[in-house]
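Have a look at the structure below, then the notes.
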Amino acid sequence: MTYSLNGYGSTGQDDDPLVQLRRISAELGTVSRAAQAASRPDARYEGSDPTGTVTVVMDGRQRVQDVRVDMRWDERLRRTELGEALSSAYSQAVIALLDAGSAAYDEAEALAEAEPRDEPRTPARPYDNYVDMDEVRYQTSRQLEQNDMLLRYADDPHAAPRVPSEVEVAGPHEFVLITVRDGRIADLRVMASRLPADSTNGTIAREAMAAFDAAAGYLG
């Protein structure tokens, strides 16, 4: 979807400002519907590492809700491979969320195209066709900003943007480390040297979940 705030994508055949405004409004509605569909707090997107040993589940705000580790993890992975597996599972969950957002946009766009474009018009009064284009540009830019905020924060009224430069958090036993940079998870590591000798799949999953919970406070 592309449009210009200056020229409004005019092709010469639809240079009525009201027609252009309705088109832009419909496009913004499509973006908003797609954003809401993909970023629902109750949505669930999951990803696993290539071996299927580690699985990460996140919601539509990219907040991790669950971490699962196969009970035979030590038969499938070396301890030094756990960090890569966790990072891969997280990345695949993010990809699943983005794919869902793209599919939601395509669906919203298809529905918008199926709706009738022509609206009945009442007889115009002398001032009906006046449009303050500066105000239109301002309102359109504001709506786009709100859509971006919706994608980031969805329905959480208490969410607020945070912009830390960089912070590292860990689970209680400090063998799962997460680096948050500019409000995004930039690195995931599992310190094999700190991993307890008797670690089970539950031990690892709880530690990773605790680290993700700690990171959530710094995500933008």
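Values quoted throughout were computed directly from the atomic coordinates according to the rules given, and no laboratory measurement underlies them. The shown structure was predicted, so the numbers you read here are calculated from the model rather than taken from an experiment. Heads up, the Cβs are rebuilt from the backbone with ideal geometry, glycines too, and the neighbour counts pull from every protein chain shown.
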**Q.** Sites S193 and V94 - FRET efficiency at Förster radius 25 Å, r taken between beta-carbons, to 0.05
**A.** 0.35
Q: Report ³J(HN,Hα) in whole Hz for each residue of the range 167-172, in order, from the Karplus equation J = 6.51 cos²θ - 1.76 cosθ + 1.60 where θ = phi - 60°; Gly and Pro get x.
A: 8, 10, 10, 8, x, x
Q: At 0.36 nm per residue, minus the direct Cα-Cα distance, what do T51 and E174 gain on full extension? Give it in nm, one decimal, please.
A: 41.8 nm
**Q.** Whole-Hz ³J(HN,Hα) from phi, Karplus 6.51 cos²θ - 1.76 cosθ + 1.60, for the range 180-192, glycine and proline x
**A.** 9, 10, 6, x, 10, 6, 9, 7, 10, 9, 10, 7, 4
